[in-house]
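Each remark here refers to the structure printed beneath this line.
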Amino acid sequence: MHIHVKGSGECPTADDSRLHNGRLATSTTDGLRAHGAIGTSLTTDGGTSPAGALAVDRFPAGGTSTSSRTIAVTDDVARQVRDDNAVVVIHGIDYNENGEYDSVLDAGELNPVLPQEATAPALCGPLRCPLPALARPAVRCTPTAGRTGRDVRTGPGPAPPSPG
Ligand SMILES: [Cu+2]
C-alpha cells in the first residue's frame with residue numbers, strides 16, 4: 001500500500017490493462033500514467049520512503065486488514081496531495097482465485113522474485129481535498145475508495161510470499 005504521486009492523479013482504468021502471460025490485467029507499471037510513482041510506502045512500522053516499496057513483511061496483508069499509523073510525508077508528497085495529484089494504491093490480486101500469489105500473470109515487473117499477482121494494483125483511491133487550494137495546507141485529505149478497473153480481480157489471498 002502506497003501513496004503514488006505525479007501521474008495524472010487518477011486510478012488506472014481498464015484501458016490501461018494489457019496482456020500479462022496471455023491474460024488481460026493491470027500491472028503497477030501499466031498504471032503509472034494514471035497513479036504515478038511511489039511517493040510514500042504506507043508500512044505498518046519502519047521507514048515509509050519509496051525505498052521500502054516492496055518490504056512485503058511490513059505492509060498489511062490478507063483479504064481483510066485494518067491499519068492505523070501516523071506518519072510524516074515529505075514536502076514533495078504533501079504538495080502533490082494538496083494539488084490533487086496523489087493516489088492511494090493497495091497492491092496484490094488473486095487473479096486466478098486459487099488462494100495464493102502465483103505466476104499466472106508472470107513474474108513481477110518491479111522485482112521478479114515477487115509474482116505479478118503480488119504487486120498488481122488491487123484497489124485505488126485518489127486523495128482529494130474538499131476545500132479550495134488556498135485553504136488546503138491546514139486540511140486533512142481523505143482517500144475516496146474505488147476500484148482500479150473492471151478487469152481487475154481481487155480476492156482474499158494469503159499474505160504475499162517473502163522475497164528472500
Ligand atoms: Cu504502490
Would you be able to tell me the number of residues in the range 102-122 that are outside any loop (DSSP other than H, G, I, E, B) and either surrounded by fewer than 17 Cβ atoms within 10 Å (Cβ to Cβ) or basic (Lys, Arg) (or both)?
-> 2
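Of these, Gly125, Gly47, which one is more than 19 Å from Arg33 (Cα to Cα), out of contact with any Asp or Glu (no Cβ under 8 Å at 6 or more places or on another chain), modelled with pLDDT of 90 or more and outside any helix (DSSP H, G or I)?
It is Gly47.
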Do the conditions hold for Arg79, that is, is it touching a helix residue (DSSP H, G or I) at 6+ places or on another chain (Cβ under 8 Å) and modelled with pLDDT of 90 or more?
-> no
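Looking at the structure I just gave you, is Thr28 in a loop (DSSP other than H, G, I, E, B), within 15 Å of the ligand (Cβ to nearest atom), of a type outside the set (Asp, Glu) and in contact (Cβ under 8 Å) with a residue 40 or more places away in the chain?
Answer is yes for this residue.
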Here are some residues: Ala34, Ala14. Which one is within 16 Å of the ligand (Cβ to nearest atom), of a type outside the set (Asp, Glu) and either buried (at least 22 other Cβ atoms within 10 Å of the Cβ) or under 14 Å from Ala122 (Cα atoms) (or both)?
-> Ala34
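The values are calculated or read from the model by the stated rules, or taken from the named source; none is laboratory data. For clarity, every value in this text was computed on a predicted model and none was experimentally measured. Note that we place each Cβ from the backbone using ideal geometry, even for glycine, and neighbour counts take in every protein chain shown.
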